[in-house]
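Here's the structure we're looking at; comments come further down.
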Amino acid sequence: MDFLGILSQTASWILRPETIAYALATMGLAVHFGYGGLLNFGQAGFMLIGGYGYAISILSLGWPWWAGILVGIGASIIFAFILGLPTLRLRADYLAIATIALAEALRLIVQSTMLDDVTNSADGLGGYHEGFRSANPFPPGTYGFGPWTYNEAELWIRVFGLILLGLAIWGVWALMRSPWGRVLRGIREDEDAVRALGKNVFAYKMQSLIIGGILGTLGGVVLVLPSAVVPQVYLPSLTFFLWTILLLGGAATIWGPVLGTVIFWIVYSFLGLFLPEMVNAGWIPGVTPSQMGVVRFILVGVALMLIVIFRPQGILGDKRELSFNARK
């Protein structure tokens with residue numbers, strides 16, 4: 001067993017575009033749930049809008065890559081209104097059901113053959129990278145060291161993603177220290193009390209949904225920069241992974257989504273490499289490598305249960321910020 005090779009491949013996930021994209025989307029989920037108390041189980045829908053909005057605006061409309069990002073943001077705002085107007089007055093459990101249903105409906109729509117000319121249905125979209133790559137400020141060459149060695153295109157994707165993530169961290173930090181953020185936390189704790197003070201609770205919830213959705217959209221854009229837009233990526237399991245990351249790092253924290261994402265991908269990728277190698281080495285007879293690879297999904301589910309039971313506030317969380325029981 002090449003244990004050093006497994007560790008090297010695992011370490012490479014720290015700066016993978018998927019890691020940065022998940023951190024962005026989880027930051028948006030922190031705005032929804034950690035600070036606003038909104039049980040949004042449809043964050044995958046916002047990521048889908050980011051990916052498809054970016055690709056379609058370039059391929060079908062011929063717009064530049066930066067305009068594609070703006071299109072995704074605009075589409076996510078519209079989707080947030082469609083999602084929020086009928087659901088934000090619902091109780092937490094009904095809100096969760098409604099959001100996951102609408103996100104899944106959106107995935108099925110882009111995957112259907114009736115939009116084949118636009119979305120290419122189940123095959124997804126590709127070939128939209130030229131504009132973004134032509135904006136690369138790095139000259140051709142090899143950068144980095146060890147498992148973090150990239151060519152100029154790979155480095156540009158990571159630097160751009162990290163810039164977006166840094167702006168997201170700063171933006172959420174500034175918002176939550178503002179009067180708006182304090183009102184949002186008050187809504188999470190007791191929305192009736194905030195309403196009694198004359199605040200428009202519904203408007204604050206909608207603003208929270210829009211801001212968190214935009215962050216999810218930016219995560220969706222970063223996710224599709226290296227390869228293609230494929231509808232099967234946006235399954236409900238994507239939202240499940242984001243919730244695992246959020247609860248692992250800490251729901252009502254600024255750095256929790258980042259730390260949770262790094263830990264999640266390190267463990268997830270390590271198990272995906274190590275468990276099949278255990279079978280190949282003969283340590284677990286009677287099991288195929290593909291079967292053993294599925295075990296990591298089981299372990300992620302078990303880990304989520306243990307987090308909720310023994311440390312529901314997450315690694316960086318504070319019990320005073322705990323919001324599982326904040327919504328009625």
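In region 136-149 there is at least one residue that is outside any strand (DSSP E or B), closer than 24 Å to ILE163 by Cα, touching a residue at least 24 places away in the same chain (Cβ under 8 Å) and out of contact with any Phe, Trp or Tyr (no Cβ under 6 Å at 6 or more places or on another chain).
Considering only region 101-118, I want to know if a residue exists there that is hydroxyl-bearing (Ser, Thr, Tyr), within 28 Å of THR19 (Cβ to Cβ) and touching a helix residue (DSSP H, G or I) at 6+ places or on another chain (Cβ under 7 Å). No, region 101-118 contains no residue that is hydroxyl-bearing (Ser, Thr, Tyr), within 28 Å of THR19 (Cβ to Cβ) and touching a helix residue (DSSP H, G or I) at 6+ places or on another chain (Cβ under 7 Å).
In the set (1) small (Gly, Ala, Ser); (2) surrounded by fewer than 18 Cβ atoms within 10 Å (Cβ to Cβ); (3) in a helix (DSSP H, G or I), the condition left unmet by SER269 is number (2).
Looking only at region 211-232, count how many residues are at pLDDT below 95 and assigned to a helix (DSSP H, G or I). So the answer is 2.
Among the residues of region 112-129, are any crowded, with 22+ Cβ neighbours inside 10 Å, hydrophobic (A, V, I, L, M, F, W, C), outside any loop (DSSP other than H, G, I, E, B) and out of contact with any strand residue (DSSP E or B) (no Cβ under 9 Å at 6 or more places or on another chain)? No; the residues of region 112-129 include none that is crowded, with 22+ Cβ neighbours inside 10 Å, hydrophobic (A, V, I, L, M, F, W, C), outside any loop (DSSP other than H, G, I, E, B) and out of contact with any strand residue (DSSP E or B) (no Cβ under 9 Å at 6 or more places or on another chain). Answer with yes or no whether ASP192 is of a type in the set (Asp, Glu) and under 21 Å from MET47 (Cα atoms). Against the criterion (of a type in the set (Asp, Glu) and under 21 Å from MET47 (Cα atoms)), ASP192 does not qualify. Restricting ASP93, ASP117 to residues that are in contact (Cβ under 8 Å) with a residue 40 or more places away in the chain and among the acidic types (Asp, Glu) narrows the list to ASP93. Can you confirm whether region 155-162 contains a residue that is under 21 Å from LEU70 (Cα atoms) and surrounded by fewer than 12 Cβ atoms within 10 Å (Cβ to Cβ)? Checked region 155-162: no residue is under 21 Å from LEU70 (Cα atoms) and surrounded by fewer than 12 Cβ atoms within 10 Å (Cβ to Cβ).
The values are calculated or read from the model by the stated rules, or taken from the named source; none is laboratory data. All of these numbers come straight from a predicted model, not from anything done at the bench. Every residue, glycine as well, gets a Cβ built from its backbone with ideal geometry; the counts of neighbours run over all protein chains shown.
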